[in-house]
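A short write-up of the structure that comes next.
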Amino acid sequence: MMSPMTVITRFAPSPTGLLHPGHAYAAYAAFGLAERLGGTCLLRIENIDPTRCKDENIPLILDDLHWLGLAWPEPVRIQSHHMDDYRQAIDKLHALDMLYPCFCTRAEIAAAQPQQTVEGPDGPIYPGTCRHLGAAERQRRMDAGVPHSWRLKTDKALAHTGALTWQDMHAGTVPVEGDFIGDVILVRKETPTSYHLSVTVDDALQGITHVTRGMDMFGATGIHRILQALLDLPTPTYNHHPLMIDPTTGKRYAKSYRSVTLQELRAGGKTRADVRHMVGLD
Ligand code: GLU
């Protein structure tokens, strides 16, 4: 008889700023799932983007999570300490000939965009400009050191893997549809990996059975499913939770909308129970 699976989920904030009530909701969703299913919730700090992440936020985030009453097994996985793991995955994708260099700037992509572009998980679907570059021109630019990212040949990947699906605890079986993904970036210009690649590798390396995260990542899960198939990694079950709306802005809680931080709430005398109430948990 097979032994029942031990549930392992995770909370994975990016230290681009301090935590706000939306993060508190997400953390309680992840730790709450682990508690309900008799499992464990791990903590991961997703800081691969040196232009947006500030390491000085990490101890403040840990402090906020302790204040919320949460505890996790050590060590915390800090993505920037594991670049070798991501490099190995990228090498494997190169060996499968699934990547191509893209030299486009954001402005060039916007200018090349047809009027009615499908929105993918990372914005408008890439029009494929650099996929069609001649080999000599590609080499010339590489030799000249023109900054470039590396994109996934998504249609080729799906032809290689065959049709894919993944399981969401709320939405059920979800098919992967390459036309709504496009050739996404897997190695960024400013860092030798990407969110999609690192999160897929880490979920596998940390033995995550249930990925708990916000609905804003629902569309990205198809990319992660393709990467799992290409890299021979297991596929967890997904638990995408709703995003909390900040009543003061009418938009989701976000640093970019200047949402109040947990630190500010604490300084103003609010308690953990107040925060839970703010996000509709009690
Ligand atoms: N690091 C992402 C964030 O802070 C979470 C993504 C995930 O859980 O897969 O939004």
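The values are calculated or read from the model by the stated rules, or taken from the named source; none is laboratory data. The shown structure was predicted, so the numbers you read here are calculated from the model rather than taken from an experiment. Because the Cβ atoms are built from the backbone with ideal geometry, glycine has one as well, and the counts that use them run over all protein chains shown. For accessibility, only protein heavy atoms count, side chains too; no ligands or nucleic acids. Shrake-Rupley method; radii C 1.70, N 1.55, O 1.52, S 1.80 Å.
Charges at C-beta only: +1 for Lys and Arg, -1 for Asp and Glu. How large is the resulting dipole of the chain about its Cα centre, in Debye rounded to 20?
Computed about the Cα centre, the dipole is about 300 debye.
On average, how much accessible surface per residue is there in the stretch 1-149, in Å², for a 1.4 Å probe, leaving out ligands, DNA and RNA?
Value for the stretch 1-149: 53 Å² per residue.
Within the set of other residues whose C-beta is less than 13 Å from the C-beta of Arg252, count the net charge using Lys and Arg as +1 and Asp and Glu as -1.
Here the count lands on +1.
How large is ³J(HN,Hα) for each residue in the stretch 229-242, as worked out from phi by the Karplus curve 6.51 cos²θ - 1.76 cosθ + 1.60 (θ = phi - 60°), to whole Hz, x for Gly and Pro?
Those phi angles translate into 5, 5, 9, 6, 10, x, 10, x, 8, 10, 10, 8, 9, x Hz.
Tell me which of Cys102, Tyr257, Phe11 sits at the most positive position along the dipole axis of the chain, charges placed on C-beta atoms (Lys, Arg +1; Asp, Glu -1).
Tyr257
Work through the residues other than Gln263 whose Cβ is under 11 Å from its Cβ and net out their charges, Lys, Arg +1 and Asp, Glu -1.
Taking every Cβ under 11 Å from that of Gln263, the sum is -1.
Can you give me the long-range amide H partners of Thr16? Hydrogens built in the peptide plane at 1.01 Å from N, cutoff under 5 Å, separation of 5 or more residues or another chain.
Result for Thr16 returns Lys54.
Within the chain, what whole-number % of the accessible surface is contributed by carbon and sulfur, with the 1.4 Å probe and all protein chains included in the calculation?
54
What trypsin sites (Lys or Arg not before Pro) does the stretch 82-140 have in DSSP loop regions with at most 16 other beta carbons within 10 Å?
none
If I take every Cα pair under 8 Å that is 6 or more residues apart in the stretch 56-195, average their sequence separation and divide by the length, what percent do I get for the relative contact order?
Contact order relative to length: 27 percent.
Considering every Cα-Cα pair within the stretch 232-282, what fraction, in whole percent, is farther apart than 14 Å?
Above the 14 Å cut-off, the stretch 232-282 has 64 percent of its Cα pairs.
Please list, in order along the stretch 57-63, the HN-Hα scalar couplings obtained from phi with the Karplus expression 6.51 cos²θ - 1.76 cosθ + 1.60 (θ = phi - 60°), rounded to whole Hz, x for Gly and Pro.
Once rounded to whole Hz, the list reads 6, 4, x, 5, 5, 4, 4.
Determine the relative contact order of the stretch 193-282: mean sequence separation of Cα pairs under 8 Å and six or more apart, normalised by residue count, in whole percent.
Relative contact order here is 23 percent.
When the Cα atoms of the chain are enclosed in a convex hull and the volume is divided per residue, what value in Å³ results?
158
Amide H of Ala254 versus every other amide H placed in the peptide plane: which residues, excluding those fewer than 5 positions away on the same chain, fall under 5 Å?
Under 5 Å from the amide H of Ala254 lie the amide H atoms of Ser259, each far enough along the sequence or on another chain.
Under the Kirkwood approximation for Rh and a Cα-based Rg, what ratio Rg/Rh is obtained for the stretch 179-261?
Rg divided by Rh gives 1.03.
For the stretch 57-174, rounded, prolate or oblate, judged on the Cα gyration tensor with a ≥ b ≥ c (square roots of eigenvalues), a/c < 1.5 rounded, else prolate if a/b > b/c?
Prolate.
Which one of Leu62, Gln88, Ala26 is farthest out on the positive end of the charge dipole of the stretch 1-100, using unit charges on Cβ (Lys, Arg +1; Asp, Glu -1) and the Cα centre as origin?
Ala26
If you rank Met217, Met5 by how much accessible surface each has, with a 1.4 Å probe, what is the order from largest down?
Met5, Met217
Using per-residue counts of other Cβ atoms within 10 Å, averaged over each peptide, order 196-204, 150-158 from highest down.
Listed from highest to lowest mean packing, they are 196-204, 150-158.
Hey, can you grab everything whose amide H is under 5 Å from the amide H of Ile78? Only 5+ residues off in sequence or another chain; H modelled, so Pro and N-termini drop out.
Ile45
Based on DSSP H runs of at least 4 residues, each adding -39500 (n - 2.57), what is the mean residue ellipticity at 222 nm of the chain after dividing by all its residues, to the nearest 500 deg cm²/dmol?
-10500 deg cm²/dmol
So what J values fall out for the stretch 160-172 if you push phi through Karplus, 6.51 cos²θ - 1.76 cosθ + 1.60 with θ = phi - 60°, rounded to Hz, Gly and Pro as x?
6, 7, x, 4, 10, 9, 9, 10, 10, 5, 10, 8, x
Got a sec? Charge dipole of the stretch 129-204, +1 on Cβ for Lys and Arg, -1 for Asp and Glu; which of Val176, Pro147, Trp166 is way out at the positive end?
Highest projection toward the positive end goes to Pro147.
Over all directions, how big on average is the projection of the convex hull of the alpha-carbon atoms in the stretch 115-257, in square nanometres?
11.2
If pairing requires two Cys Cβ atoms under 4.7 Å apart, which cysteines of the chain are left without a partner?
Cys41, Cys53, Cys104
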